[in-house]
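Visitor: Pasting in a structure now, in structure tokens, and then I'll have a few things to ask.
Please treat every number below as a calculation from the coordinates, not as lab data. What you see is a predicted model; the values in this text were computed from it and never measured. Please note: Cβ atoms are built from the backbone with ideal geometry, for glycine as well, and neighbour counts cover all protein chains shown.
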Amino acid sequence: KSFKDIREATYQGKTVALNKPMSGDVKKSKVFVKDPSTGNVKKVNFGDKSMSIKKDQKSNKKSYCARSAGIEGGGKDKTKANYWSRKAWDC
């Protein structure tokens with residue numbers, strides 16, 4: 001595989017960047033990832049448009065990181081919204 005294949009893929013006929021969070025259309029953010037189980041490109045939406053994350057407030061960050069660690073996958077699966085949300089919070 002060339003370097004381009006790893007960074008970009010085709011999703012519904014469009015070339016998209018993989019593993020790079022961007023402003024979302026349905027939710028606050030979106031990211032395109034390659035699903036290892038199927039080999040297909042998947043769009044993961046995450047975040048609430050009406051809320052801001054306040055990761056600079058230590059108590060908020062500590063609470064969010066503790067709370068989200070117990071969610072399915074525990075933030076280890078790139079095809080889940082929890083992974084990307086925890087990454088945005090720097091958990």
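Conditions tested, residue by residue: (1) surrounded by 11 or more Cβ atoms within 10 Å (Cβ to Cβ); (2) touching a Ser or Thr at 6+ places or on another chain (Cβ under 9 Å).
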{"position": "50", "(1), (2)": "no, no"}
{"position": "60", "(1), (2)": "yes, no"}
{"position": "64", "(1), (2)": "yes, yes"}
{"position": "72", "(1), (2)": "no, no"}
{"position": "79", "(1), (2)": "yes, yes"}
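Visitor: Check every one of the strands (runs of 3 or more DSSP E) wholly within the stretch 1-71 and list those with 3 or more residues that are under 17 Å from residue 84 (Cα atoms).
Guide: 29-34, 41-46
Visitor: Right, next: Which condition from (1) free of Cβ contacts under 8 Å to residues at least 40 places away in the same chain; (2) buried (at least 16 other Cβ atoms within 10 Å of the Cβ) is the one that residue 31 breaks?
Guide: Only one criterion is unmet by residue 31, namely (1).
Visitor: Only one of these conditions is not met by residue 84: (1) free of Cβ contacts under 8 Å to residues at least 60 places away in the same chain; (2) hydrophobic (A, V, I, L, M, F, W, C); (3) surrounded by 11 or more Cβ atoms within 10 Å (Cβ to Cβ); (4) in a helix (DSSP H, G or I). Which number is it?
Guide: Answer for residue 84: the failing condition is (1).
Visitor: Please indicate, with yes or no, whether at least one residue in the stretch 48-70 is within 16 Å of the chain's Cα centre (by Cα), closer than 23 Å to residue 10 by Cα and of a type outside the set (D, E, K, R).
Guide: no
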